[in-house]
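Remarks on the structure that follows.
The values are calculated or read from the model by the stated rules, or taken from the named source; none is laboratory data. Note that the structure is a prediction, hence the values are computed from the model and not measured. Glycine gets a Cβ as well: all are built from the backbone with ideal geometry, and neighbour counts include every protein chain shown. Heads up: the accessible areas ignore ligands, DNA and RNA and are worked out on the full protein's heavy atoms, side chains in. Shrake-Rupley method; radii C 1.70, N 1.55, O 1.52, S 1.80 Å.
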Amino acid sequence: AYAMVENIDDNVARILQKLDELSLAENTIVLFLTDNGPNTDRYNGDMKGRKGSVNEGGVRVPLFVRWPGHIEPGRVIEPIAMHIDLFPTLVELCGIEMPETLPQDGKSLAPLLRGEVDDWPDRVLLTFRFAEGGMQNLRGAARNQRYRAVRDRPNRGWELYDMSEDPSQKSDIASGHPDLVAK
């Protein structure tokens with residue numbers, strides 16, 4: 001795994017260097033993100049879950065955006081986001097009109113990337129995995145900025161975690177917040 005990380009680091013550096021050499025960096029948006037979750041039990045930032053899990057460690061991925069002259073280097077975006085946000089974000093950053101498509105579930109993150117807003121509305125992002133047996137075996141999660149509700153095992157109820165206080169999902173607080181779990 002460490003050799004793969006080093007190889008990716010080296011090759012991403014080569015791509016960025018070539019964009020700089022060709023004077024294309026200011027006209028090129030580079031996104032770097034990974035597949036979700038490790039496929040074995042190994043270091044996962046102390047997050048619960050791995051690939052295939054609906055817990056934070058099974059779905060959370062890094063996203064780095066580079067666009068010199070347009071996005072300030074080192075900017076950290078705190079509001080939660082999801083893959084569904086990439087299309088509307090790129091459309092807005094490129095300054096083109098949203099094509100006529102099916103309605104978009106994603107939200108453009110361009111104002112956050114450009115540092116144009118301080119306040120961002122909370123929202124709920126959903127992750128679901130279907131297994132054999134259909135709906136009765138549904139595993140899923142609903143995540144807002146503070147909480148993550150998880151149904152990771154079909155024979156168990158929903159768990160609830162306060163991600164601001166417990167990002168490792170060690171303390172299930174569902175029994176103390178039945179209204180929040182129901183919502």
Quiz item: Exactly one of (1) touching a helix residue (DSSP H, G or I) at 6+ places or on another chain (Cβ under 9 Å); (2) over 24 Å from Pro167 (Cα atoms) is unmet by Tyr2. Its number?
Solution: (1)
Quiz item: Which is small (Gly, Ala, Ser), in contact (Cβ under 8 Å) with a residue 24 or more places away in the chain and in contact with a Ser or Thr (Cβ under 7 Å, 6 or more places away or on another chain), of Gly140, Gly106, Gly115?
Solution: Gly140
Self-check item: Scan of the range 48-65 for residues that are surrounded by fewer than 19 Cβ atoms within 10 Å (Cβ to Cβ) and either assigned to a helix (DSSP H, G or I) or not β-branched (Val, Ile, Thr) (or both), ordered by number
Solution: Arg50, Lys51, Gly52, Arg60, Pro62, Leu63, Phe64
Practice problem: Tell me which of these Arg153 doesn't satisfy, since it passes every other one: (1) part of a loop (DSSP other than H, G, I, E, B); (2) under 15 Å from Met82 (Cβ atoms); (3) open to solvent by 50 Å² or more (accessible area, probe 1.4 Å); (4) not acidic (Asp, Glu). | Solution: (2)
Quiz item: If a residue has to be out of contact with any strand residue (DSSP E or B) (no Cβ under 9 Å at 6 or more places or on another chain) and modelled with pLDDT of 90 or more to count, how many in the range 122-149 make the cut?
Solution: 3
Quiz item: Within the range 1-35, which residues are closer than 22 Å to Cys94 by Cβ and open to solvent by 50 Å² or more (accessible area, probe 1.4 Å)?
Solution: Ile15, Lys18, Asp20, Leu22, Ser23, Leu24, Glu26, Asn27, Leu31, Phe32, Leu33
Quiz item: For Lys48, which of the numbered conditions (1) closer than 29 Å to Arg153 by Cβ; (2) of a type outside the set (Gly, Ala, Ser); (3) touching a Pro at 6+ places or on another chain (Cβ under 8 Å) fails to hold?
Solution: (3)
Quiz item: Does Pro103 qualify as being within 26 Å of Asp9 (Cβ to Cβ), open to solvent by 70 Å² or more (accessible area, probe 1.4 Å) and part of a loop (DSSP other than H, G, I, E, B)?
Solution: no
Quiz item: Only one residue in Pro38, Pro79, Pro68, Pro88 is more than 28 Å from Arg153 (Cα to Cα), open to solvent by less than 60 Å² (accessible area, probe 1.4 Å), outside any helix (DSSP H, G or I) and in contact (Cβ under 8 Å) with a residue 12 or more places away in the chain, so which one is that?
Solution: Pro68
Quiz item: Would you call Asp119 under 21 Å from Met82 (Cα atoms), out of contact with any strand residue (DSSP E or B) (no Cβ under 8 Å at 6 or more places or on another chain), at pLDDT below 95 and part of a loop (DSSP other than H, G, I, E, B)?
Solution: yes
